[in-house]
Each structure stands twice: as structure tokens, then as C-alpha cells.
């Protein structure tokens, strides 16, 4: 069996969390290499694109979070085999990465610049994406984002939506998801209740 080492910040959430969850759910052994934010300047020097997450597969280092998540999903049986369902899965993951990118673009801003940027996201951009995601969920049966079963698209949606509702993002209302898309809020609760995911957070907490 290949030796896997997944490297990312030591907190629950972020771009490595869907892959962590997939490997955990699938019972795939891996080294969960977590580091403190203060160690990032040193860690980034060891990565191909000066960013994380990265995945070592034996001696090969791979970058790009969605590629890593997709690979973990395939190992764990959480990625569709049907080409069309795989497309639906990828479509949702891409939209969620758009959300990540738009939020990360505001990191480092302060004062009114941060307030104005986040308020614009909260009133225009994020609701547009959230409504689209809710429509995708409903269009694919109402329970999962693709393939009528749990996939990495659901895991990534769970991680991103939980982050939006965490209250940790200044000027992003913690009830945004619930207010704009109540069915997505119910989806987050449902995914959190999956026994393997509940056990994961019992062990790793929610930093």
C-alpha cells in the first residue's frame, strides 16, 4: 500500500479538511501532518508552489487541494465512477473553491476595506453561490450533491458551509447560510450527523 502524508495547518477546516475526512471515512491509513501557523514560512519552502495542502504519495509530492481531495475520494470510494455524476461532483467542488478564493482574497485587509469587501460578499456574491448550491442539491435528489450518495463534493460543501456559519469571519453573518438557503443549513447538520464524521470531530475537535 502507498504511504500517504497529508500536510496542512493544525486546525479543523480549510482546504485539506475534505481529504482528511475522506481518508478517515474510507479507513485509508495516512500521516496527518499538521503544523502551527507560525511554522508556515518554513513549511512553504518545501512545497512546489509555496502553498498547502500537499500530499506525499511515497516519495512523490502533489499539490492542489481539489486534486488531492479527488484522489482521496477515489481511494475511499467517495468519488463517482459514472462520468456524468463525476462532472456534477467536480462542478460543485469548483464552485466551492470559488467561494474559498473570494474569501481568502479579503485576508490581510483591515478596517473599512475589509468591512466593505466582506459586506459585498455577504450581500451579493455568497448568496448567489449559496442559492446555486441549494438548487444543485435539490436537483440531485435533495440529500447529496451528486451520485445520490456521499461524495467528496458533500464533504467539501460541509467544510465550506460550516466555515461560513462559524462566526469567525468578520462581517459575514453567522446565520447567512441558514437565512439564504435553509436547505443547505439542514444539509450541513445532516452531514455532521454521519457517524464516521461525528467520530472524527470527537477525536480532532473543532479548532
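The values are calculated or read from the model by the stated rules, or taken from the named source; none is laboratory data. As the structure is a prediction and not an experimental result, all values here were calculated from the model. In this analysis, Cβ positions are derived from the backbone assuming ideal geometry, glycine residues included, and neighbour counts consider all displayed protein chains.
With respect to residue 36, is the statement that it is modelled with pLDDT of 95 or more and in contact with a helix residue (DSSP H, G or I) (Cβ under 6 Å, 6 or more places away or on another chain) true?
no
If residue 104 meets every condition in (1) more than 19 Å from residue 174 (Cα to Cα); (2) surrounded by fewer than 17 Cβ atoms within 10 Å (Cβ to Cβ); (3) in the same structural domain as residue 153 (by TED's automatic domain parsing); (4) under 21 Å from the mean Cα position of the chain (by Cα) apart from one, which number is that one?
Unmet condition: (1).
Residues that are touching a residue at least 24 places away in the same chain (Cβ under 8 Å), at least 3 per element: which strands (runs of 3 or more DSSP E) completely within segment 1-83 meet that?
Where strands (runs of 3 or more DSSP E) fall fully within segment 1-83 and carry at least 3 residues being touching a residue at least 24 places away in the same chain (Cβ under 8 Å), they are 4-9, 31-35, 54-57.
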